[in-house]
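Student: Have a look at this one.
Laboratory data are not the source of any read-out in this text; all were calculated from the coordinates shown. Bear in mind that the values here come from a model prediction, so they are computed numbers and not experimental data. Quick reminder, even Gly has a Cβ in these numbers, built from the backbone with ideal geometry, and neighbours come from all protein chains shown.
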């Protein structure tokens, strides 16, 4: 098991290498040069000399592969992700200060997704073709069809029009007021969670129907168990194995979703930082955030793979 | 004294795309305490559905028990509430299934699954149930049983899994065990071990056994009485000896002719029954076996024969007198 984890972590290296190259190159290919933006904003009279000066100061005059080696070398040997091109602030410090908020939002959304998806999926399966099943399935189709950014905007706008109420836009830190912080994040978490729950719920339902047809479930009935024990003890665990895989695959969608939610509800997480950085072409921040997100996605999938061992005794890590 | 199990007029219907099908049609039989009844027939003859109907494990929809009574220990199982039936299953009546490879839950330990009925019906703690599971596994002669309590089904061979299923069935010392083709999926060498074990353990515990099989060799060795099923109906019933020595129904005689015998004349051929088992959604108005029967008469095509006593508790559902039949000779 330990050897397995170490091997999986080593496999992170090539993955992150390719990811970092792609991110590093693509951000520099976004139309709209940072130098132009800086010049426009600072109202410097734009002549060729000041351009080259600025480029050299920011290190953008070098060929791209040199820039890459410098950047990655600093990360590898000094743990230094560079600084923002605009504000001189350390990228890694900024990321680390915002990461917990994004993580919290993502985790809350995932909890909402599972709390909705698993019971509804199981209920839909064991009451197949009853009104409860139809309601559950219609709800999931609806949540699949409704984009979370639309729902988020609606929640921002309509309560304000009807009741003069709108979600708090001033961020409440968890350490100052945990309850207030949870309540603030609850709305985006519920919106994101329910939209994620749609696919998970359908997967749970399908797998549950499949498992309930298995011989060992009939054996469980033949032993005289009531429905709850049959479902919870004998069916659910086997049905959840593919659901866990699905959750791992949804990790990038979840992170993408938090970016959108942070933007709509003005939550100072990594997503909001990323969006601002992209609009300002702040290359070190963009590449830094993507690298961290890449690590997160790979680690989530490692956790998912390890959790198979808990669910399926046939899985042994070697 | 009344019988342990008395099934009367049991009818189970399945709704299919081509209309309702009577998988079990007016089936009656009984089982005495400690007795072994074999239910014999081809695939699709309704023998497994009969077994599942007794346990009320027919998936509904599409299946439904539409008529009959199943009197067990003085109560009609078909009239019990779900909770009452759950108290019977696994405690008073246990079932062993055909596929040992898939009948055990892959994600739970064997010990937990074997001990589960004890925990469920006897209110034992899990610790006591697992201990009991170890004893049961030892009783079905699984080597190193105590250590195997914590093993998972995939670490067991097919024969060992079926032993574990038997242990599970015996857990609460049921009065009746229903074994639905318990050895069909196993190697030939393991088959007789499993059946002998099953027979021995039912004798020890005094449990009655309903053995569902298509193997007449099994019937001769292990059954006290036999019911032969064809197209959802019982066509012949009697003691194993009568069925074997004096089969009355042409179908039973056909089945006998398919079984290789050590005492058969040298060079004698096995005679297959011509034709296919009938499509249950399009049964002929007369005897269901008529299209394949070598002794068929006009009467067979028009009306359906019912079980009649031919002496000594031996019944058959056939119009043609056995001595007048020209067909396959019985082994006498």
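Student: If you bin the C-alpha pair distances of region B:159-239 every 10 Å from 0, what whole percents do you get?
Tutor: 16, 51, 28, 4
Student: What's log10 of I(q)/I(0) for region A:48-201 at q = 0.10, 0.15, 0.18, 0.21 Å⁻¹, Debye sum over Cα points only, no solvent?
Tutor: -0.63, -0.93, -1.06, -1.23
Student: Also: Rule-of-thumb check for region B:1-82: C-alpha Rg over 2.2 N^0.38 Å? Don't skip to the answer; put the middle values down first.
Tutor: On the way: Rg = 13.0 Å, N = 82, 2.2 N^0.38 = 11.7 Å.
Against the compact-globule rule of thumb, the ratio is 1.11.
Student: D for the protein assembly as shown, whole µm²/s, Stokes-Einstein with Kirkwood Rh over alpha-carbon pairs at 4 °C and 1.567 mPa s: what number? Let's see the in-between values first.
Tutor: On the way: Rh = 30.3 Å.
My calculation gives 43 µm²/s for D.
Student: Now a separate question. Relative to the longest principal axis of chain B, what angle (0 to 90°, nearest 10) does the C-alpha long axis of helix B:158-170 take?
Tutor: With rounding to tens, the tilt is 80 degrees.
Student: Could I ask something else about it? Which whole-number value in Å³ per residue fits the convex hull of the alpha carbons of chain B? Display every interim value, and only then the final one.
Tutor: Values: hull volume 48.5 nm³, N = 332.
Residue-normalised Cα hull volume stands at 146 Å³.
Student: A further question on this structure: Relative contact order, percent, of chain B when contacts are C-alpha pairs under 8 Å separated by at least 6 residues?
Tutor: Values: 639 pairs, mean separation 64.6, N = 332.
That works out to 19 percent.
Student: What share of the DSSP beta bridges in the protein assembly as shown is antiparallel, in percent to the nearest 5? Walk me through the intermediate numbers first.
Tutor: Values: 30 of 49 bridges.
Roughly 60 percent of the DSSP beta bridges within the protein assembly as shown come out antiparallel.
Student: In which sequence would A:131, B:126 go, from the one with the fewest C-beta neighbours within 10 Å to the one with the most? Mind showing how you got there, number by number?
Tutor: Values: A:131 8, B:126 14.
So the ranking, lowest neighbour count to highest, is A:131, B:126.
Student: Here's another thing I want to ask about it. May I ask you to sort A:74, A:223 by Cβ crowding, counting other Cβ atoms within 10 Å and putting the fewest first? Write out the running numbers ahead of the final one.
Tutor: Working: A:74 14, A:223 25.
Ordered from fewest to most neighbouring Cβ atoms within 10 Å, A:74, A:223 come out as A:74, A:223.
Student: So what is the relative contact order for region B:172-274, in percent, with contacts set as C-alpha pairs under 8 Å and at least six apart?
Tutor: Working: 98 pairs, mean separation 19.9, N = 103.
After rounding, I find 19 percent.
Student: Continuing with the same structure: Sticking with the crude label model, points 7 Å out along Cα→Cβ, report the distance from residue A:41 to residue A:279 in nm, one decimal please.
Tutor: 1.1
Student: Between residue A:87 and residue A:25, what FRET efficiency follows from the Cβ-Cβ distance if R0 is 22 Å, with the result rounded to 0.05? Walk me through the numbers before you get to the answer.
Tutor: Values: r = 24 Å, r/R0 = 1.09.
In this case the efficiency is close to 0.35.
Student: For region B:100-213, what does the alpha-carbon gyration tensor say about shape, rounded, prolate or oblate, given a ≥ b ≥ c as the root eigenvalues, a/c under 1.5 as rounded, and a/b over b/c as prolate?
Tutor: Working: a/c = 1.74, a/b = 1.20, b/c = 1.45.
Verdict is oblate for region B:100-213.
Student: Calculated FRET efficiency, residue B:82 and residue A:128, Cβ-Cβ r, R0 22 Å, to nearest 0.05?
Tutor: Numbers: r = 18 Å, r/R0 = 0.81.
With R0 = 22 Å, the Cβ-Cβ based efficiency is 0.80.
Student: Give me the distance between the Cα centres of region A:107-161 and region B:4-41, rounded to whole Å.
Tutor: 45
Student: Label 7 Å along Cα→Cβ of residue A:97; region A:258-300 residues with amide nitrogen under 14 Å?
Tutor: Backbone N within reach: A:268-270, A:273.
Student: Distance between Cα centroids, region A:206-266 to region B:79-133: provide it in whole Å.
Tutor: Here the two parts' Cα centres lie 24 Å apart.
Student: Over every pair of different alpha-carbon atoms in region A:2-78, take the mean of 1/r and invert it; report that Kirkwood radius in Å.
Tutor: Numbers: mean 1/r = 0.0664 Å⁻¹.
In region A:2-78 this quantity evaluates to 15.1 Å.
Student: Roughly how tilted is helix A:131-145, in degrees to the nearest 10 and between 0 and 90, from the longest Cα axis of chain A?
Tutor: 10
Student: Sticking with this structure for a sec: Take the Cα of residue B:281, step 7 Å along the line toward its Cβ, and report every residue of region B:29-51 whose backbone nitrogen sits under 18 Å from that point.
Tutor: Correct set: B:44-46.
Student: Test of understanding: ordering A:234, B:249 by Cβ neighbours within 10 Å, fewest first, what list do you get? Walk me through the intermediate numbers first.
Tutor: Working: A:234 26, B:249 29.
If I rank by nearby Cβ atoms, fewest first, I get A:234, B:249.
Student: OK, next. Compute the angle between helix A:236-264 and the longest alpha-carbon principal axis of chain A, please, reported from 0 to 90 degrees and rounded to the nearest 10.
Tutor: Once rounded, the angle reads 30 degrees.
Student: Let me ask you something else. May I ask you to compute the full-extension gain from residue A:173 to residue A:146, defined as 0.36 nm times their residue separation minus their alpha-carbon distance, rounded to one decimal in nm? Each step should come with its number before you reach the end.
Tutor: Values: separation 27, 0.36 × 27 = 9.72 nm, distance 3.00 nm.
Difference between extended and current length: 6.7 nm.
Student: Over region A:98-311, what portion of Cα pair distances is larger than 26 Å, expressed as a whole percent?
Tutor: Details: 10157 of 22791 pairs.
Counting every Cα pair in region A:98-311, those more than 26 Å apart make up 45 percent.
Student: Here is a further query. Obtain the nm distance between the two label points defined at residue A:156 and residue A:77 by a simple spin-label model: each point lies 7 Å from its Cα along the Cα-to-C-beta direction.
Tutor: Taking the two extended label points, one gets 4.4 nm.
Student: Need one number: nm distance between label points at residue A:253 and residue A:55, each 7 Å from Cα along Cα→Cβ, rounded to one decimal.
Tutor: Simple spin-label model gives 4.3 nm for this pair.
Student: In addition: Pairs of Cα atoms under 8 Å, at least six residues apart: use those to get the relative contact order of chain A, whole percent.
Tutor: On the way: 325 pairs, mean separation 85.5, N = 318.
Here the relative contact order equals 27 percent.
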